[in-house]
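Trainee: Got a structure for you, questions after.
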Amino acid sequence: MPPHDTAAGSVPAATVTRAMGDAETTAIRFEGVSRHFGPVIALDRVSFEIRDGEFFSMLGPSGSGKTTSLRLIAGFDFPTAGRITLHGKDVAGVPPFDRDVNTVFQDYALFPHMSVWENVAYGLMVRRMPRRQRREEAARMLAMVKLEGLAERRPGQLSGGQRQRVALARALVNRPSVLLLDEPLGALDLKLREQMQDELKALQRQVGITFIYVTHDQGEALAMSDRVAVFNDGRIEQIGSPRAIYDQPRTAFVAGFVGASNLFDAATAEPLIGEARAFAVRPERIRFLQHGERAGDRAVEANGTVRSVTFLGAHLRAIVALANGDEVKVAVAADQAVEPGSACRIAFDRSAINVLSDAPLGGPAPGEAAR
Amino acid sequence: MTASATAIPRLPDDSWPRRISRVLFAHPGLLLFLLIAPPLAWLGIIYLGSLFAFLAHSLFSIDGFTGQIVYEVSLDTFDRLLTAANLDVIARTVLMATAVTLTDAAIAFPIAYYAARYASPRAKAFFYLAVMLPLWSSYLVRVYAWKLVLAREGIIPWAAEQLHLTWLLEAVLGIPVIGGATLSTSYIGTWVVFCYIWLPFMILPIQASLERVPRTLVEASADLGAHGGTTFRKVILPLALPGVVAGSIFTFSLTLGDYIIPGIIGSSRPFIGQVVQSLQGTAGDIPLAAAFSVVPILVMAIYLTIAKRLGAFNAL
Amino acid sequence: MRSERIGRPSLGLKLAALGGIMFLHVPLGFIILYAFSTEERSYQFPPPDLTLDWFAVAWGREDIWAAIGLSVQVALVATAIALVLGTLFAAALFRWRHFGRDTLTLLVILPIALPGIITGISLRSAYGLAGIDFSVWTIVIGHATFCVVVVYNNVIARLRRSSPSMFEASMDLGADSFQTFRYVVLPNIASALLAGGMLAFALSFDEVIVTTFTSGQQQTLPIWMLSELIRPRQRPVTNVVACFVIAVTFIPILIAYYLTRDTHDVSGMGK
């Protein structure tokens, strides 16, 4: 199913295309879900849908509510308000061991007193599958995550990356319809992390089930997901495909959290673009105009002075101070000649403008009483 | 989905364990209650109950004639507690506890210091076992050992003779108040045995808190120009103090209540523990026994409050 | 490899440390020595002659065997009770995030923190009030009460060291509370239970103060030893028994140490 670009998060039920037969293609639906811990509001009236078979990421800084949402789906926590449904069935009061959902934990949570294959086969053991069959299934899972030959080892004897795969195999062996992953790659080094990202993506395609992935690393979310939900402060600010999130951020937070952005508030916007609306522009969409060059009708131009230039290998990052005092980040190719202290003229196309809204998805409009 | 022939068996949905688990999961308070009820009932009813019942007797009094307990609340018993003779007993016990605590701190510190800072892992294991084994082996055996050592015909007089130090031994025994006819019938003897018995209680917390002093702090101190002695006084000692106070809680409290050691080794002048024991035994004066018992509890309550301020609870 | 030790210890420090350790152990050495002494009426040093006879004499004395039997019986039952109560308490406090946690910890420590004589007298008067006669159970109740904290310390240290998500993972994979307990919780705390049990056994076996008040006419081994200390019969026999006690408590401590060796909270530190 091709990923949609949606600017709004909750898709009304009527527009969900139903497959032939019975299956509801919405794996998980949150309706007005809140979770309060005393005075602390971890989730504030959040509503969204996750579709069957998609790789869905929940992205945000710590404390934004993404992990809370994950735990609500897994069943370790219950919402203070609102409804959560799993394949159309309300899961209120259903404990984790009754849900068709499995989790890969951040610290892997392997059982130290069991061997690798016993860990992987644990879900089958509690379902009283005979030992021989369990072993075969476990072996098959280990092969899928490329860990054949390690079946008899103990978790303590494995490297971080290997433990992570065991946790993955263990969660998949039950053939859940939904797999939850709680920042699983955080403890790995960069190269290993990138390799695992590719493998996880391929694995999800191969297995075909819904993956729900929690991370604070926006690069990771963009690389792997079909759709991303950006969380901030207990609310979802935007849901959409990686490209939609990146090219058309809805709010200042999304613009700043996903990739880098130059943010302009309503007051400074007026002289620049003729409208008093807050907007953002990516540094790589801004260019330096040569002396005398004009940018064209659909472009916005401004004068400024180059404050600093940083060499970043693949490109240069220049900080330009505009006449009105604002500082703008500009990313240009490394072979451009840009001198700190020199006067310059920058330009960007109108299509690069992302107009920002204040309100997060599903939350109160600006001015409405919050919480 | 990967093609596979084996089907995953369905979860047994409604067996009794599972139904109970659902209830427990939905009501975590219930689970907590079930977990804590038995131990709480035991400790609360059996232990606290009997403790309060006993201590409450200090508010009753004894009829002088019949020797029966008069169940009327009064402070008479506390009046009887605060006589000169009884205050003597209390003072004696508290002084001994103080002396023991100070001595043990002095002996324990080098041991703990060495074990914490300079011992290799193997040596640490050795030290640890060397301290733990006496601690957990029989209290009575260890007291008994000292009875042998301090006996009149025992090792110390023999060693003194061999080293021509008999005059020293007799001088020590001649010290007024704390000396005596033999070591085993003097306060000195009692003090030595107390120090010996509680020493491991002092070593362990000190070692633990010394080990918690980050090496980087000591290095920083040296880096900033301080000599070893200064570093010790200004950096290590203050950080080790909670451990010393924690250990002192044990030595002080255990000495306050002990009645066996003074009974076996020492002068015949009684300590609190012995008084309490004789009062509730043959004398049958439970109210006064309870009143006496209140003293070490009160002293320890005050001591613990001070110790908590000094951070000793984190070193336990 | 760079040494972790800062500077070198002075000779004085080494001597003081070693001297302290010797101070702890030499008296025990004398006990063992006197078990072989032929002199039975005093503690003469040096002992006039050495013999193994006293071991045979001790073997033959009925009262010693009876005392050992009672001590073992009491220790086993008290340990069993302490294991159950201590584990329940540790499990509850491990999950307890609310008020009163400190108070509860204080409560479990109290039996060992307050002087034994107070605990002993309290129990004795309670027995008297309730009209309970002295029996094995009166002793066991006292012992179990202060052994709970030993088991509690070990189990909760072990729980705190285990990954908290492990129990969640088990439930996530389909195991209910009972299965989680059986397959995940129990194997993980097994070593702590064993270590705590060993220590509780040693503690109970050695206890004398509370026992004197709760045993009536019965004699556990420490009570036997106490009566020998006050009114000695055959002194070397007492020494022989003391050697036996040292050996018997030595072994559980050693085992408990090896069980918890790789951890930071090594067993027994919170006596």
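Computed from the coordinates by the stated procedures, all read-outs in this text should not be read as laboratory data. Fair warning: this is a prediction, and the values are worked out from it, not measured in the lab. No Cβ is skipped: glycine too gets one built from the backbone with ideal geometry, and neighbour counts run over all protein chains shown.
Trainee: Anything in chain B that counts as a DSSP H helix reaching 20 Å or more along its axis (C-alpha) with Kyte-Doolittle mean of at least 0.5? List them, would you? Display every interim value, and only then the final one.
Mentor: Values: long enough: B:84-113 (43 Å, 1.26); B:121-136 (22 Å, 0.92); B:187-211 (35 Å, 1.32); B:237-257 (30 Å, 1.60); B:286-309 (35 Å, 1.72).
Once both thresholds are applied, what remains is B:84-113, B:121-136, B:187-211, B:237-257, B:286-309.
Trainee: Something else now. Scale the Cα Rg of the protein assembly as shown by the rule-of-thumb value 2.2 N^0.38 Å and send over the ratio, two decimals.
Mentor: Numbers: Rg = 36.9 Å, N = 958, 2.2 N^0.38 = 29.9 Å.
That works out to 1.24 for the protein assembly as shown.
Trainee: A further question follows. I want the local charge near B:Gly180. Using Cβ-Cβ distances under 12 Å, sum +1 for each Lys or Arg and -1 for each Asp or Glu among the other residues. Walk me through the numbers on the way to the answer.
Mentor: Details: positive: B:Arg152, B:Arg269; negative: B:Glu170.
Around B:Gly180, the surrounding residues sum to +1.
Trainee: Quick check on region B:152-240: take the gyration tensor over C-alpha atoms, sort the square-rooted eigenvalues as a ≥ b ≥ c, and tell me if it's rounded (a/c under 1.5), prolate or oblate.
Mentor: Since a/c reaches 1.5 and a/b is larger than b/c, the shape of region B:152-240 is classed as prolate.
Trainee: Under 5 Å between amide hydrogens, which residues at least 5 positions from A:Thr103 or on another chain qualify, with H placed 1.01 Å from N in the peptide plane?
Mentor: A:Leu180
Trainee: Any chance you could count the Lys pairs in the protein assembly as shown whose alpha carbons are under 30 Å apart, treating pairs 8 or more apart or on different chains as valid?
Mentor: 20
Trainee: Sticking with this structure for a sec: Could you work out the pair-distance distribution P(r) of region C:84-217 from its alpha-carbon pairs, with 10 angstrom bin width and percents rounded to whole numbers?
Mentor: 12, 35, 29, 17, 7, 1
Trainee: Moving to a separate point now. Rounded if a/c is under 1.5, else prolate if a/b is larger than b/c, else oblate: which is chain B, with a ≥ b ≥ c the root eigenvalues of its Cα gyration tensor? Each step should come with its number before you reach the end.
Mentor: Values: a/c = 2.21, a/b = 1.23, b/c = 1.79.
Cα axes put chain B in the oblate bin.
Trainee: Considering Cα pairs under 8 angstrom that are at least six residues apart, work out the relative contact order of chain B and quote it in whole percent.
Mentor: Numbers: 337 pairs, mean separation 73.3, N = 316.
Relative CO of chain B lands at 23 percent.
Trainee: While we're on this one: Count the net charge of all other residues whose Cβ sits under 10 Å from the Cβ of C:Asn188, scoring Lys and Arg as +1 and Asp and Glu as -1. It would help to have the intermediate numbers written out before the result.
Mentor: Working: positive: C:Arg158, C:Arg161; negative: none.
Local net charge: +2.
Trainee: Within chain B, which is the longest segment that contains none of the GluC sites (Glu not before Pro) sitting in a DSSP loop with at most 14 other Cβ atoms within 10 Å? List each step's numbers first, then the result.
Mentor: Numbers: sites that count: B:Glu72, B:Glu153.
So the longest stretch without any such site is B:154-316.
Trainee: Within chain B, what's the longest run with no trypsin sites (Lys or Arg not before Pro) in a DSSP loop and at most 16 other beta-carbon atoms within 10 Å? Give the range, please.
Mentor: Numbers: sites that count: B:Arg10, B:Arg152, B:Arg212.
Answer from the scan: B:11-151.
Trainee: Also: With a 10 Å cut-off between alpha carbons and a GNM built on chain A, which of A:Val40, A:Val173, A:Val207 moves the most?
Mentor: Its mean-square fluctuation being the largest, the pick is A:Val40.
Trainee: Also, quick follow-up: Which of the trypsin sites (Lys or Arg not before Pro) found in region C:66-171 are loop residues per DSSP with 10 or fewer other Cβ atoms within 10 Å of their Cβ? Mind dumping the intermediate values first?
Mentor: Working: sites: C:Arg95, C:Arg97, C:Arg101, C:Arg124, C:Arg158, C:Arg160, C:Arg161; in loops: C:Arg97.
In loop regions of region C:66-171 (DSSP not H, G, I, E or B), the sparsely surrounded trypsin sites (Lys or Arg not before Pro) are C:Arg97.
Trainee: So which helices of chain C fit the span-like rule, where a helix is a whole DSSP H run, its Cα atoms reach 20 Å or more along the axis, and its mean Kyte-Doolittle is at least 0.0?
Mentor: Values: long enough: C:11-34 (33 Å, 1.82); C:62-95 (50 Å, 1.65); C:116-130 (21 Å, 1.03); C:136-161 (37 Å, 1.07); C:186-206 (29 Å, 1.38); C:235-259 (37 Å, 1.80).
Answer set is C:11-34, C:62-95, C:116-130, C:136-161, C:186-206, C:235-259.
Trainee: Are there trypsin sites (Lys or Arg not before Pro) in region C:7-78 that DSSP puts in a loop and that have at most 15 other Cβ atoms within 10 Å, and which ones? Could the numbers behind the result be given before it?
Mentor: Numbers: sites: C:Lys14, C:Arg41, C:Arg61; in loops: C:Arg41, C:Arg61.
Passing both the DSSP loop test and the Cβ count: C:Arg41.
Trainee: Quick check for you: which residues of region C:16-33 have the amide N under 18 Å from the point 7 Å beyond the Cα of C:Leu52 toward its beta carbon?
Mentor: C:32-33
Trainee: I've got another one for you. What does the net charge come to around A:Asp297 if you take all other residues with beta carbon closer than 12 Å to its beta carbon, with K and R at +1 and D and E at -1?
Mentor: Values: positive: A:Arg294, A:Arg298, A:Arg350; negative: A:Glu301, A:Asp349.
Residues near A:Asp297 contribute +1 overall.
Trainee: Of the beta bridges DSSP finds with both residues in the protein assembly as shown, what % are antiparallel, to the nearest 5?
Mentor: Numbers: 52 of 70 bridges.
Here the share of antiparallel DSSP bridges comes out near 75 percent.
Trainee: Taking region B:1-140 as the region of interest, what is the percent of Cα-Cα pairs per 10 angstrom bin, listed from the shortest bin to the one with the maximum distance?
Mentor: Calculated over all Cα pairs of region B:1-140, the distribution is 8, 13, 15, 18, 19, 15, 7, 3, 2, 0 percent.
Trainee: Non-local amide H neighbours of A:Leu43 (under 5 Å, H modeled in plane, Pro and chain starts lacking H): which ones?
Mentor: A:Arg35
Trainee: Per residue of chain B, what 222 nm ellipticity follows from adding -39500 (n - 2.57) for every DSSP H run with n ≥ 4, rounded to the nearest 500?
Mentor: On the way: 16 runs with 210 residues, N = 316.
Value at 222 nm, helices only, nearest 500: -21000 deg cm²/dmol.
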